[in-house]
Structures are given as structure tokens and as C-alpha cells.
There are 2 protein chains.
Amino acid sequence: MSASAYQQLESVFTRLYRYQHLAAIAGWDQAAMMPPGGNDARGAAMAELSVLMHATLTDPQLNTWLASAGQEELDAAQQASLREMRRSWQHANLLPASLVEAKALAGSRCEHAWREQRKANDWQGFLQNFREVLRLSREEAQLLSDASGKGRYDALLDKYEPGMNSAEVERIFGDVKTWLPGLIRQVMDKQAGEQLLTAQGPFAVDSQRALGVEIMGLLGFDFDAGRLDVSVHPFCGGVAEDVRITTRYRDDDFMQSMMGIVHETGHARYEQRLPRELVHLPVGQARSMGIHESQSLSFEMQLGRSPAFLQLIAPLVKKHLGEQGAFDAANLARMYTRVRPGFIRVDADELTYPAHVILRYEIERALIEGDIEAEDIPALWDEKMTAYLGVDTRGNYRDGCLQDIHWTDGSFGYFPSYTLGAMYAAQYFATIRRSVPDLDARIAAGDLTPVMDWLDANIWSQASRWETAELVQRATGEALNPAHFRAHLQARYL
Amino acid sequence: MSASAYQQLESVFTRLYRYQHLAAIAGWDQAAMMPPGGNDARGAAMAELSVLMHATLTDPQLNTWLASAGQEELDAAQQASLREMRRSWQHANLLPASLVEAKALAGSRCEHAWREQRKANDWQGFLQNFREVLRLSREEAQLLSDASGKGRYDALLDKYEPGMNSAEVERIFGDVKTWLPGLIRQVMDKQAGEQLLTAQGPFAVDSQRALGVEIMGLLGFDFDAGRLDVSVHPFCGGVAEDVRITTRYRDDDFMQSMMGIVHETGHARYEQRLPRELVHLPVGQARSMGIHESQSLSFEMQLGRSPAFLQLIAPLVKKHLGEQGAFDAANLARMYTRVRPGFIRVDADELTYPAHVILRYEIERALIEGDIEAEDIPALWDEKMTAYLGVDTRGNYRDGCLQDIHWTDGSFGYFPSYTLGAMYAAQYFATIRRSVPDLDARIAAGDLTPVMDWLDANIWSQASRWETAELVQRATGEALNPAHFRAHLQARYL
């Protein structure tokens, strides 16, 4: 008996998963281990692998099998699997290779020059390269839109957050804009009178690492199937069977490495708990960027910065970093919930972070839809920073519209994932709290099972079995509802 | 103008080099970084890559291009390149896939069971699996012999040491056998009266590592293009642009990690100094296993264990491991030249090591030629260990014929490389000493340039441009001549 079309597809996607394994390990190594001299050879090897993976996914035979498999008798799990295979296939096949190549080239050129241009505050120089990136991204959006029937920006959004659309984002972010600036002011007024002890360093890197490892253990990280290392930009990489998270240490600051580790551990546990028997197929892999971010933010924001969790780990902080008043639980909680509007997104606190994301979303959507041009960015940036955060960015491109890497290589549509993730996380915890009213007391006492069991059952084990909207509906009983996010912020900060 | 056949071949071998990069990094990671839970997924990913590389190298198109390129006008460098491409191609194409697969399977089964069988001293159990490995290796040897016109054992030898043949090995090892046992007895008598201070541990792992790193720097290791890490079995891996060496540390012994690092640094510098513009092609890669071993043994045996080098590094040993009499240069030299016949090859000293190799060569050659059967190994082993080293191994399979991994997976033909490497190294240094009479004084004073410049000019930069015999002839002015090895041992040990 010959293999069914569906079986043929499984074997191709299994092969792709193995190639992806090699790409993931080589990528992790490049960021965490590789000496600088290896960079060119590594770049060439990884590019060769990308070509191979793209060729595998654009083999015309796949199209035939996808069509035939649709006619075969498949159970519900296989149908979901086929749906996700088709999505992967579409991402690789909708765009002509010439556009993919041109965009990669323009993005790489723009990103490379941007590293220096940002330092030099050189917006005009950046524009020279960026216009081409924007032009090609608009072309990409148009082609994806033509093929999918979605709007242009929606077609890009769909790459990172399948099923999401800008009408929905507009509704959600529109709501946030009505209350966020006021809430920020209210919280800042409240915090103005707060006593806050500053922790006295230096904090030895080895001690910070040992603290991080102990916290990872507490959060259930499986060290038999993963590692903690160091890189310039922290990330969660590797493969589901062997998850590699990284952090960075500064000996004058422990806060960033500690909470960064909690954040990456959220990503890691999602990967480590994906259904092992399906993880070689798209349906067994993480749902989306937004859902991935919802895991890291469940860990960092919902759990990690909660007074209960900080009460639980305060003794560990003292054990590894030494006894001082700043490490008392109440003070740690104040440190980790301090609200201060600032220029830089990645340094932002929980409350001001969404303002950074909404600003970027609004600008990038207008760019892709053709409502504004690249030249219009700085004025809009200044206007929105003033309106949302009361921060004056005029003339400061470096800490303004030149701060992020995303637009340099044309990753339009990515930014919303961050705040959608924060909202999903708030909604999960509202759900958990409904059935576990004494959640904080249990967390403070070291019992994290209500959180972990819920995430495991509702998110991790579900992988990509359901579309995002259905996943969230099944998990929480309702569609994405930003009211939970607002209620969470009010409860924590007011 | 369309690409020439030779250019087509270059592009295929460049692609293979990039795949090989991924395999090397994944392999290094598996040995030095990977948590145990990642093993199955890693194994599957690496096997997939092997399949891909084999498919690339057995694409029928290659055969056509190899034939056409032979008709094209090529310069001498390109002709050498084509010769090495043809050799790679032959290794992949001479054997039917069914035999390769059967041998991999039988080898993997035998090797896996051997790990426990060795501990249990279970020769009979080992035989059950080993007979099949031997049968398939004989089949391989026969096919390679039919295709190449070489003898059966020679055909296997050629996999590891191209151009070498057993008549030559026989001549060389036959000579060694006439004087080695006597020399060993003489040296042991001499050393019986020597005073030797034992170093007092513990030796902190961090300190051993710092010592190793400083010695690597002294030996010219380029840390911009490589790393030092830890693995159970030390090795030199990675790629020429990014060489990864490993060692292992014991806190009650510094000798092994220190000299192990010197050894692997020899392999590493060869790789780091291969001609960078050719390293993506077979002609730009290391010549053979024997020549590779001649680099590690130039570093470890010729240089590393010499009184001059130990005089140079004695202050570093004291700096990192603390002041004690055992670290005086003269005592270090006695420690690193102590001769004691023993059971285990990998623990053997410089003088008894060749006896271990000759024994294995004689047995494996007879096995492949069909002169003996697997059952005959233990009796022969006992007989030869008594004759060459005066060691009684009867009934002790664990520390006898079950000690090595090489035969478990059918790597017959590999063992001679070790001692050929030692002989090449002795011949190199005899050559260097002829033009640098004060070599030892210069080494002791920290000037390693006479050694490094000679190796760079004569070996490293030559890569696979010449066949091994011609490489050695050009470098030293004569064919491989074991008299240099004997003279070296006599000079050092008598």
C-alpha cells in the first residue's frame, strides 16, 4: 500500500523539523558561543540551510499532496495538522523568490547601516535605505493581500499572529488608549510618595546566575532538556526537546537578569511542554508570536512581578545576593512595579509598555496602508509620545524612531504581538483566579501548580491544534477581552 | 557563458562544506553542551543531514562533471582540487547504500552493547554482535579492493591515510618491533633509580582551565576563531574558521588536562591555518588522519613533553596551580616522560604507545584479510601484549581487546594513523633541528617561531595540495623514515 498524501506531507514536514533543529542550534551557538571569526562561515552555512528549507517547502509536489490530502479521510487531529501544514506552505509559496531575496537584501543593508546610524542619530541616512525596505514591504503586503483577500496590513499581521486582524487590534488598542494615559498619571502620582530602597551592588555574576537557576527550577524548567547561557540580546532558542534560554548580566544591576530569566523561562516551558509526539509537525508547534509572548508575560508580569511571587523568592535573592533591606519582599515588589515613562520600549515598565506598542502599531499600519510616507515618521512619533507618555522626543531619533530593529528589516506587523501577549496573559490569570481564589497565598507559599497546570492543560499541550481565537475561547471561556488587562493593571498599580 | 564542469563541482563541494559546518557544530554541541534530553532529536537531525550530504555526493550529475572536468584545461592547483574531489566522491559512491546502512546499523548495535559488555568483561556477548560488524567490514574491504585494485586491508587503510599501504606499514612497524621492546626495558631500568616528586592536589578546575588557556595562547591558538570547552572524551571539532577543542578536568590530576590541551591545540592550529581561500574545497582541507595526528603529536610529544618546553611553562604551572617542588621544570619533564607498560592504549606513555598500535594493526589486518576469525582475538592479544610490553592480559577482556571503540563500529584501518603521526612528527622535528641547531634554547626562551613557521609553511598551508608521500618528501626531503622516531626516543629517554 502506498503512503497517503497526508503521510507524504508528514514525512516532508518531519524532514523540515530536523533541518529547523540544525538552524536553531546553529543560531543559538552564533549568539551564545561562537567566536567572532566564525561569523562569515556560519552565515554562509545558515543561508545554505535556509535555501534548502525554502526549496523543500516550495517543491511543487507539496501543492499536489496538500490538495489530495484535503480529499482523504482524516480525523480531526489530522485535519488540524493539515491546516497548519497549509499555512506553512502558503508563507513560503505566496511570494516570488525574487521579492523574498530583494527584501532580505534591502533589510540586511538597512539593518547593518542602522547600527551606526542609530548611534549617530542619523535619521536622514537611515531614510536612504529604509525607503526601499518600505517599498518592498508594501509590495509584499499587496501580494499577500491579493492572495488572501485580507487587507494589506492584516496580511502582514497574519505572519506573526495568524487569525488576528487590524479591526480587532484597532478595537482593543482603541480601548486601551481611552484609559492608559490617565492611569499612568494616576499611578505616578501615587508612587511619588512611596519609599523605595535601592539595592546596593555589586552583584557578582556567578551569584546572579545561581539565583536565576534556582528560580528556573522553581518555575519548572527542565534542565535535562535545556540550558541557561549568556548573550547580548536575551532570547529563548534551541528546540522543544532542548530549549536554550539566555540572559545578560551587569554587576551593578540584578533586576534585569533576574526578571529576564523569568520571562525567558515562560517561553521555555511552553516549548518544553509542547506535545512531544506532535512537535515535529506544524500542528504540534507553538501557536503564534502573541501566544508565545503570553507565556513569557504570564511568567514575568502576571506571576514574576506579583507581590506573592516576590515574597516567595525574596529569601532566594538574599541567599544569593546577600542580606539587605532592598531585598525585602515589599521593596522588591515596589522596585518591579515602578512606573516611569521613558524613551525606550525594551526598558519600559509593565504600565507604559503598551503605549510604546500602540504608537508603533499605528505608525506601521499607516505606512503599509500608504497613508503616510517614511518621512512622516518622526513628527508622528513626537506627537504620539507626547500624547501617550508625556515624553518629548523631538530631534532625538536615536531614542525615538530609530530605537527598534523591527522596521529595519521590514518586520512590519510584529509589534502588536507584545501587547496582545500581555492581554492574553491577563485573561488567563483572571480565569485561573476565578477557580483558585486563594491563588496569591498559594504562590507565596511556593505552590505554583494552579498556574502551571492551567497553562499546561490549556495552552502548552494544545500547541497549534486550534486557531488562536478558539484556543483563547476554549481556555478562558471568552474571546480576547482587554478588560482583564485593565483590571489587572488597576488592581496591581492603584 | 555557462559554468565549466569544474566550476559546477566547486559549487557542489562548497554546498557540502556548508552542510559539514552544520554537522560539525551540532556534533560539538552534542558532546560539549547538549543536555541529555536533546539526544534523540539531535540524532534524528544529524542523521537527516548525513542523508542529505550522501545524496549530494552521490548525485549522478557529479560523475558526469568529474569526467568532463578531467577534459577541461585546469591549472595545477585545480588539478589537485579535482583529484581530491574525486577521492571524496569515490568514498561516497564505491559502496552500495544497502551495505553502508547495514554496517551503520550493525556498528551502532555493537557499539551500544559494548559499553555495558566492556564493564562486564563480557567477550562472548560482544562476539555475538561483533561477528556481523566484521562480516560487513570484510564485504566493504572486498568491494573497495575490487574497485581500486588495492589489497583488502589497504583499501580500508586508504580511507584514513590515503596513499598509505600495508607493505609500507609492515616495513615501518616491522622495524619498530626489532628495537622497541628492548628500548622500553632499557628505559625502565634507567628510570627505576630516578627521583620523582608527585604533585599534591587538589588542582582547582578553574585554575587548570586558566593554565590551559595561557598555554594555548603561547602555542598560537586564535581565540577569535575557536574555543576551549569540556567533554567526556577530549576532541578537536568545529570548523576551520571556528575550531572547538575540548578537554576534561580531574581535581586530583592536572597532567592529563594540561597535555591534552597541548595535543588538541596541535590539531586546532592545523585547522586554523588551513588556506582560508580553499578551505571550502577538499583540496583545502586537512590531508589525512595521520597528518592530523602528526600535528597534535608535534605539539604534545615533540614540543610539549620536551624539557625545553616544560622549562618554559613551569612558571605558568606554578602561577596557576601554586608553588611546589613537583612543578620544577626538571621534575615536570620526569613526570611527562615516565615509562610504564600498561593495559590501556589511551593512558600509555610516548614509548609504549606504538606497541599498542602495532598490536592492533597486526590483529585487524589479519581479521580483514581473513587469516584469523573474531574468536582468535583474545589469544593473539595476550600473546602480543606479553611479547611487546610484558603485560599479562589473560581473561581481562575489559582492559584488553574490549578497551577500544574502533572495532565496535568497524573502523578497521584507523589505528596505524596514530603511530604514523608520531613518526611524521619526529621527522618534522629532525628537519627543523637541522636548520635550527639551538632549537631547544629558543623554545625554553619562549621563541616557538621556528616550529610554528615550519609547520605553517610545510604542512598547514599545504592542506591537501599534495598526496601524503609528496607532502612529507617536500617538507623533510625524504620519504617517511622511522629512524627519526627511533632517534628521537633514544635521545629523549636514554
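Structural remarks
- On the basis of the beta-carbon distance and an R0 of 22 Å, B:Ala67 and B:Ala97 show a calculated FRET efficiency of 0.50.
- Among residues of chain B, the one whose beta-carbon sits closest to the B-to-A rotation axis is listed with its distance in Å as B:Leu22, 2.
- Dipole of the protein assembly as shown [Lys/Arg +1, Asp/Glu -1 at C-beta], most positive-end residue of A:Gly174, A:Ala47, A:Ser148: A:Gly174
- Radius of gyration and maximum dimension Dmax of segment B:302-358, Cα, Å: 13.2, 40
- Cut-off 19 Å (backbone N to label point 7 Å along Cα→Cβ of B:Thr178), residues of segment B:469-494: B:479-491
- Full extension of the segment from B:Met452 to B:Arg87, taken as 0.36 nm per residue of separation minus the current Cα-Cα distance, would add 128.5 nm.
- Once the chain from B:Asp438 to B:Asp392 is taken as fully extended at 0.36 nm per residue, the excess over their C-alpha distance is 12.3 nm.
- Taking GluC sites (Glu not before Pro) in DSSP loop conformation with at most 10 other Cβ atoms inside 10 Å as exposed sites, chain A has its longest uninterrupted site-free stretch at A:324-494.
- Cα→Cβ-extended label distance, 7 Å offset, between A:Leu196 and A:Ala491, nm: 2.3 nm
- Comment: the Cα-to-Cβ extended label point of A:Gln473, at 7 Å, lies 8.0 nm from its counterparts in the other copies, nearest first.
- Among the trypsin sites (Lys or Arg not before Pro) found in segment B:215-261, those both in a DSSP coil and sparsely packed, with 14 or fewer other Cβ atoms within 10 Å of their Cβ, are B:Arg248.
- B:Gln324-A:Leu218 FRET efficiency (beta carbon distance; Förster radius 30 Å; 0.05 resolution): 0.10
- Computed over chain B, the ratio Rg/Rh where both radii use C-alpha atoms and Rh is Kirkwood: 0.95
- Rg/Rh, computed from the Cα trace of segment A:1-93 with Rh as the Kirkwood radius, has the value 1.11.
- Only the Cβ atoms of Lys and Arg (+1) and of Asp and Glu (-1) were treated as charged; on that basis the dipole of segment B:394-480 about its Cα centre amounts to roughly 160 debye.
- With a cut-off of 12 Å between beta carbons, the residues surrounding A:Glu48 carry a summed charge of +3, where Lys and Arg count +1 and Asp and Glu -1.
- Note on the protein assembly as shown: helix-only mean residue ellipticity at 222 nm, from DSSP H runs of 4+ residues weighted -39500 (n - 2.57) and normalised by residue number, equals -21000 deg cm²/dmol.
- DSSP-defined antiparallel bridges as percent of all bridges, the protein assembly as shown, nearest 5: 50 percent
- Pairs exceeding a 31 Å alpha-carbon distance, out of B:Lys119/B:Lys319; B:Lys150/B:Lys384; A:Lys119/A:Lys190: B:Lys119/B:Lys319; A:Lys119/A:Lys190.
- A label point on A:Gly390, set 7 Å along the Cα-to-Cβ line, lies at 9.1 nm from each of its counterparts in the other copies, closest listed first.
- Rg(Cα) / (2.2 N^0.38 Å) computed for segment A:196-335, rounded to two decimals: 1.08
- Cβ-vector label at 7 Å, A:Phe223, separations to other copies in nm: 2.7
- At R0 = 60 Å, FRET efficiency that the Cβ-Cβ distance of B:Asp252 and B:Ala483 yields, to 0.05: 0.90
- Neighbour-count ranking [beta-carbon atoms within 10 angstrom, fewest first] of A:Ser98, A:Ser411, A:Ser50: A:Ser98, A:Ser50, A:Ser411
None of the figures in this text is laboratory data; all of them are computed from the coordinates on show. From a predicted model like this one, the values you see are computed outputs, not experimental measurements. Counting neighbours? That spans all protein chains shown, and the Cβs are built from the backbone with ideal geometry, glycine included.
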